[in-house]
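Peer 1: This is the structure I have questions about; it appears just below.
The values are calculated or read from the model by the stated rules, or taken from the named source; none is laboratory data. The structure presented is a predicted model; accordingly, all values stated were derived computationally and were not measured. All Cβ positions, even for glycine, are placed from backbone atoms using ideal geometry, and neighbour counts span all protein chains on display.
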Amino acid sequence: MTNWTCGWPLGLPTSVAWLPHGVCLQWQWPLLLALVVANLGIGLAYTLIPLALIRCIRHLPRVLRPGTFLLHFFAAFILSCGLTHVMSVVVIWCPWYYWQAVLDLWTAGISLYTACLLWWLPAVIDQIREALSGIESH
């Protein structure tokens, strides 16, 4: 029997009975290639978007910075989504399903938290408007 543990990191439990997703896909290379290219492309985009958001935050005037905490959570949410796509590529070859579950749970948590924060967005916009009107009146 082939051991598909792939050097299981950090001692999380594994089972040699678990198989990588590639086995389910019958190692059909055109399908595997499409899945790998698509998921790595999405993962790369989901890595570049948060970096661009952080770069934008650094260029905002101080008066607009009260709303940047939302952008930080958006960046974390988007990066987490990207990592789930990268993990989808990893599990093609390595059955690290516990890691995939942990990453999915993290992504669900940060996604829900970010969605909840959006409900405060109108209040943040009002704060920014007040700050801008205070500057304009000087």
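Peer 1: What tally of residues in region 97-129 results from selecting those that are of a type in the set (Asp, Glu) and either closer than 22 Å to residue 83 by Cα or surrounded by 12 or more Cβ atoms within 10 Å (Cβ to Cβ) (or both)?
Peer 2: Matching residues across region 97-129 total 1.
Peer 1: May I pose another question? I'd like to verify a number: residues in region 18-63 that are at positive phi and assigned to a helix (DSSP H, G or I), how many?
Peer 2: 0
Peer 1: Something else now. Please work out which residue is nearest to residue 114 (Cα to Cα), limiting yourself to region 84-96 and to residues that are in contact with a Phe, Trp or Tyr (Cβ under 8 Å, 6 or more places away or on another chain) and of a type outside the set (Val, Ile, Thr).
Peer 2: Once the filter is applied, the top-ranked residue is 85.
Peer 1: While we're here: Please tell me if residue 108 is in a helix (DSSP H, G or I) and either touching a strand residue (DSSP E or B) at 6+ places or on another chain (Cβ under 6 Å) or modelled with pLDDT under 95 (or both).
Peer 2: no
Peer 1: Please indicate, with yes or no, whether at least one residue in region 65-85 is aromatic (Phe, Trp, Tyr), loosely packed, with under 12 Cβ neighbours inside 10 Å and at pLDDT below 95.
Peer 2: No, the conditions are met nowhere in region 65-85.
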